[in-house]
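Novice: I have a structure I would like to understand better, so I am pasting it below and will then ask my questions one at a time.
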There are 2 protein chains.
Amino acid sequence: MARLRVHAFTITLDGFGTGAGQRVDAPFGDGVEGLHDWMMPSFRGEGTGVDDAAFRAGEQDIGATIMGRNMFGPVRGDWPDESWRGWWGEDPPYHHDVFVLTHHARPSLSMDGGTTFHFLEATPTDVLARATEAAGGKDVRLGGGVATVRAFLSEGLVDELNLVIAPILAGAGERLFEGLDALPTGYRVASLVPGGSGAVHVQVVRR
Amino acid sequence: MARLRVHAFTITLDGFGTGAGQRVDAPFGDGVEGLHDWMMPSFRGEGTGVDDAAFRAGEQDIGATIMGRNMFGPVRGDWPDESWRGWWGEDPPYHHDVFVLTHHARPSLSMDGGTTFHFLEATPTDVLARATEAAGGKDVRLGGGVATVRAFLSEGLVDELNLVIAPILAGAGERLFEGLDALPTGYRVASLVPGGSGAVHVQVVRR
């Protein structure tokens with residue numbers, strides 16, 4: 001049975017997944033410098049220990065990805081044209097079908113390396129069905145942003161939520177745990193484990 | 001120079017210091033079972049390691065305590081009489097002057113073992129001045145509840161904030177980090193360290 005997994009989703013000590021003021025040159029907003037420091041060695045192929053294991057776990061046995069539009073790019077409202085092709089260049093690090101949730105339709109976009117972005121307006125349940133089919137027996141990874149993860153959590157669709165708490169304070173921004181009053185009825189904290197970077201890795205699973 | 005210190009203040013993974021529905025038989029509200037499990041061995045005199053060190057640190061070199069009224073008791077509004085004498089019995093574990101912030105005046109209350117509760121309506125700055133004087137050169141400890149800690153944090157009066165993140169989800173309640181947008185300008189996260197209990201100990205200090 002395919003599972004829906006969130007990996008490497010990082011929040012500040014005060015609970016924010018993004019700071020205030022998200023924009024093209026600050027995709028995570030202000031006040032969150034250092035949010036992803038824990039994964040930088042892994043990006044350079046020099047990761048070690050718990051931090052690196054958490055980074056790599058997000059790439060294992062994944063056959064499709066779901067993300068919100070803000071994770072695909074900074075454009076809001078109607079697409080002015082199709083020139084924005086994601087944050088990742090011509091060979092995005094997915095190599096499978098990526099489903100981008102948006103209220104603004106656009107043709108699918110095939111990139112180098114086997115990544116195809118599909119743009120759709122659909123409920124979490126429906127997009128998960130599409131992604132599960134595309135994953136061909138592997139799991140589906142749910143990317144960000146904050147609102148997207150919350151939407152799937154609040155419908156109980158996430159099987160495994162792997163978070164990281166970064167040792168920083170943002171003060172303001174978008175909270176992950178907001179309006180999720182019923183979360184404890186379906187989920188529990190399985191572990192809190194420190195990484196060598198000073199961040200803490202948290203696994204939340206179904207009860 | 002006397003410092004204002006918060007110790008052993010415990011929040012859930014989703015950021016709540018109390019659950020919803022605080023009342024006499026549930027002083028921390030609902031959905032927070034296990035919030036203080038990390039300190040139970042220390043209460044029994046059987047604590048070990050990081051958890052026990054964090055518990056004991058809160059008792060070292062403290063000459064006075066400040067707390068909000070809800071930490072003193074469940075009574076809201078006017079005191080019907082003076083029969084409520086705190087949650088701790090006739091010999092409270094303070095053994096010094098304790099300043100209880102309340103809008104409802106009441107005579108000071110001397111207990112066994114050297115604890116005296118003073119009830120006052122005052123700004124955080126003013127109560128800190130009173131407590132600092134009473135502490136006689138030692139530090140002042142700031143207890144809860146959530147609103148009290150937030151009030152002192154937002155005025156930049158806390159010197160050291162020792163938090164614990166418990167491995168539970170509350171879903172709702174009172175958040176510690178709410179309305180503290182300017183916090184990062186004055187404070188930074190010094191460390192995140194796991195305790196043997198599964199909780200994580202966090203130290204927030206001045207920049």
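The values are calculated or read from the model by the stated rules, or taken from the named source; none is laboratory data. What you are looking at is a predicted structure, and each value in this text was computed from that prediction instead of being measured. Counting neighbours? That spans all protein chains shown, and the Cβs are built from the backbone with ideal geometry, glycine included.
Novice: Output the residues belonging to segment B:158-168 that are surrounded by fewer than 23 Cβ atoms within 10 Å (Cβ to Cβ) and either facing another protein chain (nearest Cβ under 8 Å) or over 17 Å from A:LEU169 (Cβ atoms) (or both).
Specialist: Answer for segment B:158-168, where residues must be surrounded by fewer than 23 Cβ atoms within 10 Å (Cβ to Cβ) and either facing another protein chain (nearest Cβ under 8 Å) or over 17 Å from A:LEU169 (Cβ atoms) (or both): just B:PRO167.
Novice: Mind listing whichever residues of segment B:178-187 are touching a strand residue (DSSP E or B) at 6+ places or on another chain (Cβ under 8 Å) and facing chain A (nearest Cβ under 7 Å)?
Specialist: Initially, segment B:178-187 is screened for residues touching a strand residue (DSSP E or B) at 6+ places or on another chain (Cβ under 8 Å), giving B:186-187.
Result: B:TYR187, single match.
Novice: Given the conditions (1) under 14 Å from the mean Cα position of the chain (by Cα); (2) crowded, with 18+ Cβ neighbours inside 10 Å, which single one is not true for A:PRO27?
Specialist: Failed condition: (2).
Novice: Would you tally the residues in segment A:41-63 being on the phi > 0 side of the Ramachandran plot and not in a helix (DSSP H, G or I)?
Specialist: So the count comes out to 2.
Novice: A further question follows. Can you pull out the residues in segment B:11-23 that are within 13 Å of another protein chain (Cβ to nearest Cβ) and part of a strand (DSSP E or B)?
Specialist: Residues satisfying the conditions are B:ILE11, B:THR12, B:PHE16, B:GLY17.
Novice: Within 30 Å of A:GLY156 (Cα to Cα) and at pLDDT 95 or above: is that true of A:GLY63 in this structure?
Specialist: Answer is yes for this residue.
Novice: Still on this structure: Would you check which residues across segment A:41-60 are at pLDDT below 95 and hydrophobic (A, V, I, L, M, F, W, C) and list them?
Specialist: A:PHE43
Novice: From the set of residues in segment A:1-32 that are touching a Pro at 6+ places or on another chain (Cβ under 7 Å) and among the hydrophobic types (A, V, I, L, M, F, W, C), which is modelled with the highest pLDDT?
Specialist: A:LEU13
Novice: OK, next. Could you say which residue among A:THR115, A:THR132, A:THR125 is under 22 Å from A:GLY73 (Cα atoms) and not acidic (Asp, Glu)?
Specialist: Among A:THR115, A:THR132, A:THR125, only A:THR115 is under 22 Å from A:GLY73 (Cα atoms) and not acidic (Asp, Glu).
Novice: When you go through B:THR148, B:THR123, B:THR116 one by one, which is the residue that is out of contact with any strand residue (DSSP E or B) (no Cβ under 8 Å at 6 or more places or on another chain) and more than 8 Å from chain A (Cβ to nearest Cβ)?
Specialist: Answer to the check: B:THR123.
Novice: Hey, does segment B:23-30 have a residue that's closer than 17 Å to B:LEU176 by Cβ, touching a residue at least 24 places away in the same chain (Cβ under 8 Å) and among the β-branched types (Val, Ile, Thr)?
Specialist: no
Novice: Is it the case that A:VAL100 is under 14 Å from the mean Cα position of the chain (by Cα), within 14 Å of another protein chain (Cβ to nearest Cβ) and within 20 Å of A:HIS7 (Cβ to Cβ)?
Specialist: Numbers: under 14 Å from the mean Cα position of the chain (by Cα): yes; within 14 Å of another protein chain (Cβ to nearest Cβ): no; within 20 Å of A:HIS7 (Cβ to Cβ): yes.
No.
Novice: Now for a separate question. With a cut-off of at least 3 residues that are under 16 Å from the mean Cα position of the chain (by Cα), name the helices (runs of 4 or more DSSP H) lying wholly within segment A:118-207.
Specialist: Once the helices (runs of 4 or more DSSP H) in segment A:118-207 are filtered for at least 3 residues that are under 16 Å from the mean Cα position of the chain (by Cα), what remains is A:124-135, A:146-154.
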